[in-house]
Each structure stands twice: as C-alpha cells, then as structure tokens.
Amino acid sequence: MQLKKLSDEIRSPAVNHLINLPDMMAQMRDLMTPSTRSTDGGSTNNMVQPEAPQKTITTGIDAIMKRCNHQEPAKMVNDVLTGMYSNQYLAGRTLTGVSGSGKEAKEPMDPEVVNGIIERVTASFPKTAPSLVRGMMRQKLANAVKTVRRKTEQ
C-alpha cells in the first residue's frame, strides 16, 4: 500500500513532474529495510527523504528507456512518457504549448525532454522520422486527456 502511495506522490505533478529515479529507488529501499518495519510486519510512516544530487533529464530518460518496449517506436514513446509522467500531467500539456483549434492553450512540455525522447527513439529506430515520433507523442497526450476525462466522469 505504501509503495503505491509513494509512487503516486512521486509522479504527482504538484510534487515534481519528473521522476528522480535515484531518489525513488532510495525511498523504496528505505521502505523495505527492517529499521522502517514495525514489529507486526507492517511498514511505518517514518520515511526519510534521501538527499541525492539531482540527475539530468537525459539520465532519467535513459533509465526509463532501458525498461521500455523496444519492438515498435509508438510503444517505446508510450512507455517513456508513461514512465516519466502521470496521466494527469500529460493531459494538461501539449508538445509546443500552442493550441491549433483556437481553444485555450495548454502548458508546453519541456523541449529538452521532447528532444531527448525524439533522439533516443530515432536512434533505436533509424527509419522513423522525428516528425513521426512527435506525432506519436501528440497521440499519447491526446489519449491521456481521454483517460483523465473518463476517470473523472465515473
């Protein structure tokens, strides 16, 4: 239970929209150590926030890339975005921040992250054009909007 809560807290856009993998792993290790376990086997709520140096965005993308699907570029893009951000965060963003339909513009995604994902996907799939990768990212953002809308309607 506490691992899910920790995962939701880390992925929450209010806390930090990027996952800092070393911090997350250290927090999970702290949850699993005997010193944070109560005598009845349940975990306690006294988590210690480790102080680790901040990693660059590209390091986070590389760590997630190791775990994602490498069969198709669209699956890779989906896995990377899902691994880095929550659906709530993705639903409130566009690639550029510009609205093409005249609606209120959403916040743009970090261009460094967008370019990092494009570089890595095109490196893994050389025949895939960067414009196609951007389209795949755009589709994932649209799907996140639909998912969030569906969850809020229930």
- Note on the structure: The one condition residue 89 fails out of (1) within 15 Å of the chain's Cα centre (by Cα); (2) surrounded by fewer than 13 Cβ atoms within 10 Å (Cβ to Cβ) is (2)
- Which of the residues belonging to segment 92-125 are open to solvent by 40 Å² or more (accessible area, probe 1.4 Å) and either among the aliphatic types (A, V, I, L, M) or at pLDDT 95 or above (or both)? 98, 105, 123
- Filter segment 60-86 down to the residues that are acidic (Asp, Glu) and closer than 16 Å to residue 143 by Cβ, then identify the one that is surrounded by the fewest Cβ atoms within 10 Å (Cβ to Cβ). 72
- Item | Matching residues, segment 100-122, being without any contact (Cβ under 8 Å) to a residue 40 or more places away in the chain and part of a loop (DSSP other than H, G, I, E, B) | 100, 101, 102, 103, 104, 105, 106, 109
- Note on the structure: Going through (1) open to solvent by less than 50 Å² (accessible area, probe 1.4 Å); (2) part of a helix (DSSP H, G or I); (3) within 23 Å of residue 65 (Cβ to Cβ) one by one, residue 145 fails only at (3)
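The values are calculated or read from the model by the stated rules, or taken from the named source; none is laboratory data. Remember, predicted model here, so these are calculated numbers, not experimental data. For neighbour counting, all protein chains shown are included, and Cβ atoms are generated from backbone atoms with ideal geometry for every residue, glycine included. Side chains included, ligands, DNA and RNA excluded: accessible areas come from the protein's heavy atoms. Shrake-Rupley method; radii C 1.70, N 1.55, O 1.52, S 1.80 Å.
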